[in-house]
1. Take the residues in the stretch 93-118 that are of a type in the set (A, V, I, L, M, F, W, C) and over 21 Å from R71 (Cβ atoms); name whichever of them is surrounded by the fewest Cβ atoms within 10 Å (Cβ to Cβ).
2. Anything in the stretch 1-28 that is of a type in the set (V, I, T) and open to solvent by less than 30 Å² (accessible area, probe 1.4 Å)? List them, or say none.
3. Do you know which residues across the stretch 78-88 are part of a loop (DSSP other than H, G, I, E, B) and either of a type in the set (V, I, T) or over 15 Å from the mean Cα position of the chain (by Cα) (or both)?
4. If L85 satisfies all but one of (1) open to solvent by 20 Å² or more (accessible area, probe 1.4 Å); (2) over 13 Å from Q3 (Cβ atoms), what's the number of the condition it fails?
5. Provide a single number: the residues in the stretch 63-77 that are part of a loop (DSSP other than H, G, I, E, B) and small (G, A, S).
6. Suppose we filter E88, E108 for residues that are out of contact with any strand residue (DSSP E or B) (no Cβ under 7 Å at 6 or more places or on another chain), of a type outside the set (A, V, I, L, M) and more than 17 Å from G8 (Cβ to Cβ); which single one remains?
7. Under 9 Å by Cβ, and 6 or more places apart or on different chains, what pairs join a residue from the stretch 95-115 that is over 14 Å from A24 (Cα atoms) with one that is in a loop (DSSP other than H, G, I, E, B)?
8. Is the stretch 48-62 home to any residue that is in a strand (DSSP E or B), open to solvent by less than 40 Å² (accessible area, probe 1.4 Å) and among the polar types (S, T, N, Q)?
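The values are calculated or read from the model by the stated rules, or taken from the named source; none is laboratory data. It should be emphasised that the depicted structure is a prediction, and the values quoted were computed from it without experimental measurement. Here the Cβ positions follow ideal geometry from the backbone for every residue, glycine too, while neighbour counts run over all protein chains shown. Just the protein is used for accessible areas: all its heavy atoms, side chains included, with ligands, DNA and RNA removed. Shrake-Rupley method; radii C 1.70, N 1.55, O 1.52, S 1.80 Å.
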Amino acid sequence: QVQLVESGGGLVQAGGSLRLSCVASGIIFSINTMAWYRQAPGKQRELVATITPGRTTNYADSVKGRFTISRDNAKNTVYLQMNSLKPEDTAVYYCNADIFSIATMSPEDYWGQGTQVTVSS
């Protein structure tokens, strides 16, 4: 069974930094695009950043220049370095990945359980 497990969330003051990690586990053949989403209270889940296996990245306008997504293909891990954090970045952050597992023999969309990021003013 494929699972995504996030870590690294927490409470930080405005202007501070956090680094989120997400590890994919299970019998995995390959991982395509990996991404981070976030959902603030009362709002829809929104895309934060994506990264392809070749490390092409894409960011939401609201985080460009402050957040950096990266991945370690050997470790099946994706990271989100968040700098210059603002109170409006407060949300539950979710890891997402398109994974081809040996169990399903097809690409499937997987989500982590989420990690809370709270930025105080």
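1. By that ranking, first place goes to M105.
2. V2, V12
3. Across the stretch 78-88, the qualifying residues are S84, L85, K86.
4. With respect to (1) open to solvent by 20 Å² or more (accessible area, probe 1.4 Å); (2) over 13 Å from Q3 (Cβ atoms), L85 is out only on (1).
5. 1
6. E88
7. Hits for this filter: A103/Q1; A103/V2; A103/G26; A103/I27; T104/V2; T115/G8; T115/G9.
8. Yes; the residues of the stretch 48-62 include at least one that is in a strand (DSSP E or B), open to solvent by less than 40 Å² (accessible area, probe 1.4 Å) and among the polar types (S, T, N, Q).
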